[in-house]
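To start, the structure under review is shown below, and the notes come after it.
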Amino acid sequence: MKAIDYRIERASDVAGAVEALQADPFAKPIAGGQSLGAMLNLRLAQPECVIDIVGLDALKGLRIESDEMVIGPLVTHARLEDGRYDDATGGMLAHVAAGIAYRAVRNSGTIGGSICHADPAADWIAATAALGATFDIQGPDGTRQVAARDFMTSAFETTLAEADVLTAIRVPALGDTARWSYRKFCRKTGEFALAIVSGVVDGQTGIERLVFSALDGAPVVIERAGLFDELAEPDARQVLLDDDALSISGHRRALHAGLLADVIADIRGTA
Amino acid sequence: MTGAPPDTQAKGIGARLARKEDARFLSGRGEFVADIRRPGMLDVAFVRAPVAHARIVDIEKPEGWESLVYTMADMAEVKPIVAASKLPGFQKSEQYPLAKDKVRFVGEMVAMCVAPSRARAEDLAEQVFVDYEDLPVVSDMHAAANGTAEGKLHEHWDSNVFLETQVDNKAGIADDVVSVRRQLSTSRQCQVPLEGRGVVCWWDHRLNRLEMTSAAQMPHINRTGLAECLGLDEGQVRVVSPDVGGGFGYKGILLPEEICCAWLAMKLDRPIRWIEDRNEHLSANANCREHAYDISVHVERSGRLAGIDCDAIVDSGAYSSYPFSACLEAAQIGSILPGPYKMDSYSCHTRSAATNKPPILPYRGVARTGVCFALEVMLDIAARELGIEPFELRERSLVGPDDMPYTNITNKLFDSGDYIACMHRAVEALDWSGWRARQAETNGRKRIGLGLATFCEQGAHGTSVYHGWGIPMVPGYEQCNARVTTDGILELQIGAHSHGQSMETTMAQVANTVLGIDPEQVRIMHGDTGGSPYSTGTWGSRNAVMSGGAVAAACEKLADRVRRLASHLMDVAADDLIFENGGVVSGDRSRSMTLADIAHTWYRAPQLLPDDVDPAGLGLVAGYKMRPDMGTFSYATHACAVEVDTVTGAVKLLDYAICEDGGVLLNPMVVEGQLLGGLAQGIGTALYEEIPFDDEAQPLASTLADYMVPGAAEMPHLTIEHMETPSPFSTFGQKGIGEGGAIAPPAAITNAVNDALGGLGAEIHSVPISPERVIAALEAAHESD
């Protein structure tokens, strides 16, 4: 199949992109195009106008600012994978990036594009929730921040309004003794995950966080002190997996159960 | 990988010669259908049925654009595709290139739209409104075969069955045999060649013929089918097949799309193009492998196979495709299910069920992948029941080397080989006993399992085989046009075509063996019906034997003619001349002439030749037929080790070994390439590839996001061992081996998974072995405890 006849507008800055989106509420911004490209060709997306934001240097930064990493949404998976930057996540960003699709996809695909597309099985939606990230969003009325865990509302739906642009992903630095685990189950290399479980424990901040993802909708985040000690008990894991918030059953529950066991082992160092 | 190191000196049969094709392919200079442009070319998009079974009430063309949209009513003079099996009781289907009156599967073409670009043609297609009246959908082959489906595919038929067959060679077997019975199945798949189908065609007024460039394996067969449907004589159709990016059976079929484009090119007198996209391939042409078996095997306590009883159904889809028909798969099942084994008793009942799915087409291995899966999985279940290793059962049941040539229970004539030694070499190559020791140490969440599968593969099927199966296309003789050009280049024109078989290299190696000519001085011309000898084309692992035989025969005849000319020019007795290094040399090596010198004399200095020279010249046609024509039987054993995660159901291939015997190998490196590609596809069948259909026969995997094909990362470590037992029936002892890699993996991998799950009482009966199927098997075992 071939895409419908659409026009491309190149945004000169973020404000210009916001303006263009205001002018045409059905316009779609395009970054790496790894999801939107396929959707255009399958005619699942039929915008009259596609706004190319790839040239916006303001969205390409990758730096540490006081106690957080600030990642521009146009940073590619490949750049995060290669790890040639000051990292405050103990290698978690590089690990997650390396597991996304294939290198060819990672060379073009961007962290911000993946987050805004909000595929329930995508990696950055889950990983940023696990890391407790927040997102900077610029719209017609100015700039606001949304916690990663609150950003996605359901499958392919987010709190972004029609003319909003994601401008930064802020990831809090992990302490030196922090431990993380990111496990996913894919039918084969490069496929979207059928199940994702991720855990982060940081002794310095006292944070203990567990994320289930590749669900029907947004990831489920569980955060409380003592969580991982509690889950060392297999019975406690079963109770958690049966929680209504997860609403998983059958094979998907089996997959999450398997990954959960792996994550607990990773975090507790018993693997 | 094992095998001899590349020999840069020898370039004939058996040499690991680098492929002549590689230079253009590796530098992106191959020419495929989609690379071809013609002035004034228009693109076509098809309106395809969104429902599986419905009466067409009305087709509304978009207002103002009626002249760019065509339906079957516009093509009234075009005849439907009819591929009738000659076996008694076959019920014929008529497949009109665009649906007439009703649609019978999702994706069937209803209208054709033409525009200056594919995108514009798709815009038009979106505006065609078709009013459908739903009919009851036949989505289940069991219901179709058993007569319990509410719907009926073809109104004039008695049932939803194309053909029912029965092979009955039942004989008495001992009372104390162990009998095991299971229901096994393989899922519906696509062949997924890297390049899809595609057509560019136009009418050539000077030659008064249709010129069609098509991604086709069998251009002459396409030409015959096109001429029949379009009412042209065959000389008015030329089919050219350019570089083809994989075929695997899919490109051997006459497509309704080809007929539509040809008709439109004639109607509009413009070049017309259609390039299949992945969505069309996966949803409208989801088309192979779907078998169901109810099978019992009977094994004596000693481990000797005594007999097989089987009832098999093939989901043949809505129509019988040209030229292999809807019944190739079932005909093969009945005749090849006994595999490479000896037995006392055999019966097999088959039904080719008609359902509201795309027509079934052959895919690399054709029914062999299914029957190997069915029988080999059963043999391992029986071995487990008897408490013996799978290879112990097989060594007591395989046809032995001293039995060769051997006529089996379905009258197959196995030509040569040592099936038992081959199996043992695969078992050793895998380090079976080493894996058994590791397996004993892992009894937790992740379990190790070992499996093997053995088969023999009939290639180069002869006239009697296809006639016996009732297939509309019956292969006869293979021919080669050969000529030496004025400057001593050898040109060979054959009717078969390469869709990845490396024939430009291997056929040149055959010429080198006969004429001593450097393969670089040999030009292979194929894939063009304009002037090449008629051939059924490239299918059924036939070209090493059939085209190789024809090339050898033509080179032998040319050698005679060259020898006679050289004898005169060199004043040496003809029988004292030897072919080497691109020329002839006298037995005492005192005199020599190059082929270029001889050709130059013949074409450009005939005054040097005597008056009574034979004027037939340096060009000729020669042919080949294998006798007996049962075909060659290559064979192999695949062995593998897997790890099964009993919590997630994931299956990981830990190691894989293949020992194969393809007789004399024309080029071992090419054979290894065939094995690797075939193995990847076999792993796809075993673990990944499946197009599920819902109750309304809607295909549920229509993009590569849903239809999973293994990639490089899914390939296991592989050890290949070669055996080379010549076939006594072919020119050089070569055998067909192009499909084998794709035959055994589903059986070997399922056996390994069942070995891993054996301790937990679980068993897999269907491929692909998805994590869901593993977990379901474990749950079923848990519930029956």
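Points to keep in mind about this one:
- Condition met for B:ALA713 (in the same structural domain as B:ILE420 (by TED's automatic domain parsing), of a type in the set (Gly, Ala, Ser) and closer than 17 Å to B:PHE373 by Cβ): no
- When B:THR369, B:THR350 are checked against the criterion of being under 14 Å from B:CYS288 (Cβ atoms), touching a residue at least 24 places away in the same chain (Cβ under 8 Å), among the hydroxyl-bearing types (Ser, Thr, Tyr) and assigned by TED's automatic domain parsing to the domain that holds B:THR685, B:THR369 stands alone in meeting it.
- Filter pass, A:SER154 being modelled with pLDDT of 95 or more and outside the structural domain of A:PRO73 (by TED's automatic domain parsing): no
- Hey, B:ALA573 among the small types (Gly, Ala, Ser), surrounded by fewer than 24 Cβ atoms within 10 Å (Cβ to Cβ) and at pLDDT 95 or above or not: yes
- Considering residues of region B:689-702 that are crowded, with 16+ Cβ neighbours inside 10 Å and in a loop (DSSP other than H, G, I, E, B) only, the residue farthest from the other protein chains (Cβ to nearest Cβ): B:ALA697
- Region B:750-772, residues that are surrounded by 20 or more Cβ atoms within 10 Å (Cβ to Cβ), part of a helix (DSSP H, G or I) and within 14 Å of another protein chain (Cβ to nearest Cβ): B:PRO771
- Filter result for B:SER770 (polar (S, T, N, Q) and either more than 23 Å from the chain's Cα centre (by Cα) or under 29 Å from B:THR513 (Cβ atoms) (or both)): yes
- Residue that is farthest from B:ASP560 (Cα to Cα), among those in region B:461-491 that are under 24 Å from the mean Cα position of the chain (by Cα) and modelled with pLDDT of 95 or more: B:GLU478
- Among the residues of region A:101-114, those identified as farther than 18 Å from A:PHE156 by Cβ and touching a residue at least 12 places away in the same chain (Cβ under 8 Å) are A:TYR102, A:ARG103, A:VAL105, A:ARG106, A:ASN107, A:SER108.
- Helices (runs of 4 or more DSSP H) fully within region A:1-96 that include at least 3 residues being away from chain B (no Cβ under 14 Å), in contact (Cβ under 8 Å) with a residue 12 or more places away in the chain and not acidic (Asp, Glu): A:14-23, A:77-82.
- All of (1) more than 14 Å from chain B (Cβ to nearest Cβ); (2) closer than 23 Å to B:GLU772 by Cα hold for A:ALA236 with one exception: (2).
- Matching residues in region B:210-238 - criterion: being in a strand (DSSP E or B) and touching a Leu at 6+ places or on another chain (Cβ under 8 Å): B:LEU210, B:MET212, B:VAL237, B:ARG238
- Any chance B:SER567 is part of a helix (DSSP H, G or I) and surrounded by fewer than 18 Cβ atoms within 10 Å (Cβ to Cβ): yes
- Taken over region B:94-146, the residue count meeting the criterion of being more than 14 Å from every other protein chain (Cβ to nearest Cβ) and within 23 Å of B:SER352 (Cα to Cα) is 23.
- Once region B:679-688 is narrowed to residues that are more than 17 Å from the chain's Cα centre (by Cα) and surrounded by 24 or more Cβ atoms within 10 Å (Cβ to Cβ), the residue that is nearest to the other protein chains (Cβ to nearest Cβ) is B:LEU687.
- Flag for A:ALA214 being away from every other protein chain (no Cβ under 14 Å) and within 29 Å of A:PHE156 (Cβ to Cβ): no
- Whichever residue in region A:3-48 is within 19 Å of A:LEU166 (Cβ to Cβ) and β-branched (Val, Ile, Thr) and, among such residues, is surrounded by the most Cβ atoms within 10 Å (Cβ to Cβ): A:VAL18
- Selection count, region B:536-589, where residues are without any contact (Cβ under 8 Å) to a residue 24 or more places away in the chain, farther than 23 Å from B:THR731 by Cβ and in contact with a Leu (Cβ under 9 Å, 6 or more places away or on another chain): 5
- Those strands (runs of 3 or more DSSP E) of region B:241-351 in which at least 3 residues are in contact with a strand residue (DSSP E or B) (Cβ under 6 Å, 6 or more places away or on another chain) and surrounded by fewer than 24 Cβ atoms within 10 Å (Cβ to Cβ), considering only elements entirely within it, cover B:291-299, B:305-317.
- The sole residue among B:GLU672, B:GLU660 that is out of contact with any Phe, Trp or Tyr (no Cβ under 9 Å at 6 or more places or on another chain), away from every other protein chain (no Cβ under 11 Å) and either in contact (Cβ under 8 Å) with a residue 12 or more places away in the chain or over 28 Å from B:TYR635 (Cβ atoms) (or both) is B:GLU672.
- Across region B:753-765, a minimum of one residue is classified as more than 19 Å from B:ASP645 (Cβ to Cβ) and at pLDDT 95 or above.
- Applying the condition of being more than 26 Å from the chain's Cα centre (by Cα) and part of a loop (DSSP other than H, G, I, E, B) to region B:375-414 and asking which residue is surrounded by the most Cβ atoms within 10 Å (Cβ to Cβ) yields B:SER397.
- Criterion (within 30 Å of A:ALA257 (Cβ to Cβ) and touching a residue at least 24 places away in the same chain (Cβ under 8 Å)) met by exactly one of B:THR632, B:THR594, B:THR646: B:THR646
- Restricting B:VAL51, B:VAL47 to residues that are touching a residue at least 60 places away in the same chain (Cβ under 8 Å), within 21 Å of B:ASN285 (Cβ to Cβ) and within 14 Å of chain A (Cβ to nearest Cβ) narrows the list to B:VAL47.
- Residue match in region B:92-99 (condition: among the hydrophobic types (A, V, I, L, M, F, W, C), in contact with a strand residue (DSSP E or B) (Cβ under 8 Å, 6 or more places away or on another chain) and either farther than 23 Å from B:THR224 by Cβ or surrounded by fewer than 21 Cβ atoms within 10 Å (Cβ to Cβ) (or both)): yes
- Any hit, region B:707-718, residues being over 30 Å from B:GLY444 (Cα atoms), within 14 Å of chain A (Cβ to nearest Cβ) and either outside any loop (DSSP other than H, G, I, E, B) or over 19 Å from the mean Cα position of the chain (by Cα) (or both): yes
- Any helices (runs of 4 or more DSSP H) falling wholly within region A:159-271 and containing at least 3 residues that are buried (at least 16 other Cβ atoms within 10 Å of the Cβ): A:234-241, A:250-268
- Scanning region A:56-63 turns up no residue that is more than 14 Å from A:THR167 (Cα to Cα) and either surrounded by 15 or more Cβ atoms within 10 Å (Cβ to Cβ) or hydroxyl-bearing (Ser, Thr, Tyr) (or both).
The values are calculated or read from the model by the stated rules, or taken from the named source; none is laboratory data. Small disclaimer: the values here were computed from a predicted structure and weren't measured. Note that each Cβ is placed from the backbone with ideal geometry, even for glycine, and that neighbours are counted across all protein chains shown.
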